[in-house]
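The values are calculated or read from the model by the stated rules, or taken from the named source; none is laboratory data. All values derive from a computational prediction rather than experimental measurement. Here the Cβ positions follow ideal geometry from the backbone for every residue, glycine too, while neighbour counts run over all protein chains shown.
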Amino acid sequence: MCGIIGYTGHRPAVPFVIEGLRRLEYRGYDSSGVCYVQNGALHVVRAEGKLRLLEDKLADMEVSLATTGMGHTRWATHGAPTENNAHPHRSSKGDLCIIHNGIIENYQEHKNILQDKGFTFSSDTDTEVLANLIADERKEGMPILQAFANALKKAHGAFALALISPEEPDVVYAARHSAPLLLGIGQGENFVASDIPAFLPYTRNVVFLEDGEIVRMTPTSWQVFSIETLAPLDKQTHHIEWDLQAAQKGGFKHFMLKEIFEQPRAIGDCMAGRVDMVRGDVMIPELQARAVPARLRIIACGTSYHAGLWAAPLMEEWAHIPTSVEIASEFRYRNPILEPGEAVLVISQSGETADTLAALRIAREKGCPVIGICNVVGSSIAREADVVVFTQAGPEISVASTKALSSQMTVLLLTALYWGKKRGVLPSETLHQALRGLAALPAQMESILPSLRDEAKRLAMTHSSCKGMFFLGRGQSYPLALEGALKVKELSYIHAEGYASGEMKHGPIALIEPDFLSFFLAPHDGLFAKSKSNMEEVQARSGPVIALTNPHKAGMELRAAELWTLPEAWGPLNSFLLLCALQLFSYETATYLGKDVDQPRNLAKSVTVE
């Protein structure tokens, strides 16, 4: 997802914009650029590649007088990641400049019309089309605000946009539809950005823009309008509690490693206000006024989808709620049948995932109640769901999600306990064991993380040259196998696949050979013997194996060249310890291979377009 930052105030704008873009690098990008107004003229500087290449270009330029500017890190959608296609983009008339996150789906139609009118294009992007569309609206002397709104009403798709013009040198315009954008309210300065860390050192006062809203801001004022009518809108200012330190590395080499080690605290924070250990009780205050659903459909993408798969058996066993789990990008292109009494539960770390948002809207159109689980206050899912349960994990910066998953799993587990108790179907002993195990889990995780990392380093050095990997698990270890494979793929670029262990003989076993690793998840649960049998079949075919399991005990012995043992936690809480090991193995493999862990190639933190 592209990064956007805009500024108007009393500071030199260009250094501020670069600083803001640096804090948005975690979102992933392939080019960058800035635009600023200085001495009554519009200046644009762009560069392909990492942000330092843009900084090198700016180093020899006099930019200190500009106090209004904006910047962009681009993740390519339309057009290759070249300097020509980098943002910002000017209109061919040269009187305005825009930056854009999203996709204008009908850009070609407008491009053809604009070319007939004499507009020229120097890029392959949909964004340049929008810049010229705004300029075309202004040809009769129309004010910028009106022209901006008119053009946006003609643009179909998703967008978060910022615009500046030398005609109004201290004004930044911005607008959003189906892509994140928010305002930062300062003293004698105002900000617009795609995420809070971009301006967090300067203000914690934030205004969340909704779809179909446009803003005009100066150093001392701001006003939000409806795109449709340009009627002024009343907006609430929110105060962000977490500070910049929470979004910095804190002595760790990478954000991902920091966030893996933050998981014990994230789980504890997720339990805060929801678990009463004195009374031995669980409460989800957000769900208290809601009926327990008769059926549940969990919808998510990527890592959040794996959280849903992991939680489905708990919903069925503890709360007796029939539960299905669907990939959002598939759900949205069907005509799903949602039954009376059914609820949809959507999961997204950012709360801005495009496919998950689309699924949420389909469910609401069909009259189905929607529960949102997300980490970002003020996000689209948080605002559009009927009720939202926040994971309370704090900012997650690394593109590869870690503590977001463990906190989602915690919320889902607590929800299953809460609904089971509310329905009167959860045995009291199960509730007490789960709560005791949860209370002990953060300290247990914290105590083993350093030794897990040491073992992950050793295993990464041994196996990073393999040509491919299987991650195999049964029951609740199957979603973890999917997650382990995903992490290895996205971080180290080694081909890896996650499978339910029982599916291995239905084709995948043909790939087993001496340089193809099989990573088995074999905790001491009711399916241990089955996992052991699958592992023996791989080793009989000379396939190397890592077995992630619990310490030896009678009747649960394993034979493997690499036996990685973890302490045992209660029941499904074993998954949290297995997850830490998988995350550290993928991290150390990528680090050993010299990959960019926090910003893997071709990936963005939040997928806000299809």
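Across region 223-249, the qualifying residues are those that are in contact with a Phe, Trp or Tyr (Cβ under 9 Å, 6 or more places away or on another chain) and over 30 Å from residue 149 (Cβ atoms), and the one among them that is modelled with the lowest pLDDT is 247. Each residue in region 84-113 was checked for being surrounded by 17 or more Cβ atoms within 10 Å (Cβ to Cβ), closer than 22 Å to residue 194 by Cα and free of Cβ contacts under 8 Å to residues at least 60 places away in the same chain, and 6 of them qualify. All of (1) of a type outside the set (S, T, N, Q); (2) under 24 Å from residue 195 (Cα atoms); (3) touching a helix residue (DSSP H, G or I) at 6+ places or on another chain (Cβ under 7 Å); (4) modelled with pLDDT of 90 or more hold for residue 310 with one exception: (2).
Kindly indicate whether any position in region 191-200 is in contact with a Cys (Cβ under 9 Å, 6 or more places away or on another chain), in the same structural domain as residue 21 (by TED's automatic domain parsing) and either modelled with pLDDT under 95 or of a type in the set (A, V, I, L, M, F, W, C) (or both).
Narrowing region 191-200 to residues in contact with a Cys (Cβ under 9 Å, 6 or more places away or on another chain): 194.
Next cut, in the same structural domain as residue 21 (by TED's automatic domain parsing) only: 194.
Going one step further and asking which of them are either modelled with pLDDT under 95 or of a type in the set (A, V, I, L, M, F, W, C) (or both), we end up with 194.
Among the residues of region 191-200, at least one is in contact with a Cys (Cβ under 9 Å, 6 or more places away or on another chain), in the same structural domain as residue 21 (by TED's automatic domain parsing) and either modelled with pLDDT under 95 or of a type in the set (A, V, I, L, M, F, W, C) (or both), which makes the answer yes.
Note on region 475-509: residues that are charged (D, E, K, R), closer than 14 Å to residue 520 by Cα and either modelled with pLDDT under 95 or surrounded by fewer than 23 Cβ atoms within 10 Å (Cβ to Cβ) (or both) amount to 2. Would you mention how many residues in region 1-54 are in contact (Cβ under 8 Å) with a residue 60 or more places away in the chain, assigned to a loop (DSSP other than H, G, I, E, B), surrounded by fewer than 24 Cβ atoms within 10 Å (Cβ to Cβ) and touching a helix residue (DSSP H, G or I) at 6+ places or on another chain (Cβ under 9 Å)? Count: 1. Being modelled with pLDDT of 90 or more, part of a loop (DSSP other than H, G, I, E, B) and crowded, with 16+ Cβ neighbours inside 10 Å is the filter here, so list the residues in region 57-82 that pass it. Answer for region 57-82, where residues must be modelled with pLDDT of 90 or more, part of a loop (DSSP other than H, G, I, E, B) and crowded, with 16+ Cβ neighbours inside 10 Å: 63, 66, 67.
Do you know which of the residues in region 382-396 that are among the β-branched types (Val, Ile, Thr) and surrounded by 23 or more Cβ atoms within 10 Å (Cβ to Cβ) is nearest to residue 255 (Cα to Cα)? Working first, answer last.
Of the residues in region 382-396, the ones among the β-branched types (Val, Ile, Thr) are 387-389, 391.
Imposing the further condition that a residue be surrounded by 23 or more Cβ atoms within 10 Å (Cβ to Cβ) reduces the set to 389, 391.
Working: 389: 25, 391: 19 Å.
Within region 382-396, the match that is nearest to residue 255 (Cα to Cα) is 391.
Residue-level check: of (1) closer than 20 Å to residue 263 by Cβ; (2) part of a helix (DSSP H, G or I), residue 421 misses just (1).
Would you check which residues across region 475-495 are part of a helix (DSSP H, G or I), touching a residue at least 60 places away in the same chain (Cβ under 8 Å) and out of contact with any Lys or Arg (no Cβ under 8 Å at 6 or more places or on another chain) and list them? Talk me through it step by step, then tell me what you get.
So in region 475-495, the residues part of a helix (DSSP H, G or I) come out as 477-492.
When the remaining residues are screened for being touching a residue at least 60 places away in the same chain (Cβ under 8 Å), the result is 477-480, 482-484, 486-488, 490-492.
Of everything in region 475-495, those that are part of a helix (DSSP H, G or I), touching a residue at least 60 places away in the same chain (Cβ under 8 Å) and out of contact with any Lys or Arg (no Cβ under 8 Å at 6 or more places or on another chain) turn out to be 477, 478, 479, 480, 482, 483, 484, 486, 487, 488, 490.
Counting only residues that are closer than 21 Å to residue 488 by Cα, without any contact (Cβ under 8 Å) to a residue 24 or more places away in the chain and part of a loop (DSSP other than H, G, I, E, B), region 557-571 holds 1 of them. Just one of (1) under 19 Å from the mean Cα position of the chain (by Cα); (2) closer than 23 Å to residue 380 by Cβ fails for residue 311. It is (1).
Only residues that are closer than 18 Å to residue 506 by Cβ and either among the basic types (Lys, Arg) or in a loop (DSSP other than H, G, I, E, B) (or both): list them for region 448-474, please. Steps first, answer last, please.
Residues of region 448-474 closer than 18 Å to residue 506 by Cβ: 468, 470-474.
474 - this is the single residue of region 448-474 that is closer than 18 Å to residue 506 by Cβ and either among the basic types (Lys, Arg) or in a loop (DSSP other than H, G, I, E, B) (or both).
May I ask you to verify whether residue 560 is over 25 Å from residue 351 (Cβ atoms), modelled with pLDDT under 90 and surrounded by fewer than 14 Cβ atoms within 10 Å (Cβ to Cβ)? Lay out the reasoning, then the answer.
Working: over 25 Å from residue 351 (Cβ atoms): yes; modelled with pLDDT under 90: yes; surrounded by fewer than 14 Cβ atoms within 10 Å (Cβ to Cβ): no.
So residue 560 does not fit the description; no.
Among the candidates 135, 131, the residue that is at pLDDT 90 or above and either over 31 Å from the mean Cα position of the chain (by Cα) or not assigned by TED's automatic domain parsing to the domain that holds residue 34 (or both) is uniquely 135.
Consider region 5-27 and keep the residues that are over 12 Å from residue 68 (Cβ atoms) and out of contact with any strand residue (DSSP E or B) (no Cβ under 8 Å at 6 or more places or on another chain). The one that is modelled with the lowest pLDDT is 26.
So which strands (runs of 3 or more DSSP E) are wholly in region 266-384 and hold at least 3 residues that are on the phi > 0 side of the Ramachandran plot and of a type in the set (S, T, N, Q)?
Where strands (runs of 3 or more DSSP E) fall fully within region 266-384, none carries at least 3 residues being on the phi > 0 side of the Ramachandran plot and of a type in the set (S, T, N, Q).
Restricting region 167-186 to residues that are touching a Gly at 6+ places or on another chain (Cβ under 9 Å) and at pLDDT below 95 leaves a set whose member that is farthest from residue 36 (Cα to Cα) is 178. Taken over region 580-590, the criterion of being of a type outside the set (A, V, I, L, M) and either within 14 Å of residue 471 (Cβ to Cβ) or surrounded by fewer than 22 Cβ atoms within 10 Å (Cβ to Cβ) (or both) is satisfied by 583, 585, 586, 589. Considering only region 413-425, I want to know if a residue exists there that is of a type in the set (Ser, Thr, Tyr), crowded, with 20+ Cβ neighbours inside 10 Å and under 25 Å from residue 600 (Cα atoms). Scanning region 413-425, I find no residue that is of a type in the set (Ser, Thr, Tyr), crowded, with 20+ Cβ neighbours inside 10 Å and under 25 Å from residue 600 (Cα atoms), so the answer is no.
Might you let me know whether region 353-370 holds any residue that is among the basic types (Lys, Arg), surrounded by fewer than 23 Cβ atoms within 10 Å (Cβ to Cβ) and touching a Leu at 6+ places or on another chain (Cβ under 6 Å)?
Of the residues in region 353-370, the ones among the basic types (Lys, Arg) are 361, 364, 366.
Narrowing the set further to residues that are surrounded by fewer than 23 Cβ atoms within 10 Å (Cβ to Cβ) leaves 361, 364, 366.
Narrowing the set further to residues that are touching a Leu at 6+ places or on another chain (Cβ under 6 Å) leaves 366.
Checking region 353-370: at least one residue is among the basic types (Lys, Arg), surrounded by fewer than 23 Cβ atoms within 10 Å (Cβ to Cβ) and touching a Leu at 6+ places or on another chain (Cβ under 6 Å).
For residue 67, the conditions (1) within 30 Å of residue 154 (Cα to Cα); (2) touching a Lys or Arg at 6+ places or on another chain (Cβ under 9 Å); (3) β-branched (Val, Ile, Thr) are fulfilled apart from (1).
Return yes when residue 424 is modelled with pLDDT of 95 or more and on the phi < 0 side of the Ramachandran plot and no when it is not.
Working: modelled with pLDDT of 95 or more: yes; on the phi < 0 side of the Ramachandran plot: no.
Considered against the rule, which asks whether it is modelled with pLDDT of 95 or more and on the phi < 0 side of the Ramachandran plot, residue 424 comes out as no.
Each residue in region 114-172 was checked for being free of Cβ contacts under 8 Å to residues at least 24 places away in the same chain, small (Gly, Ala, Ser) and under 14 Å from residue 227 (Cα atoms), and 2 pass.
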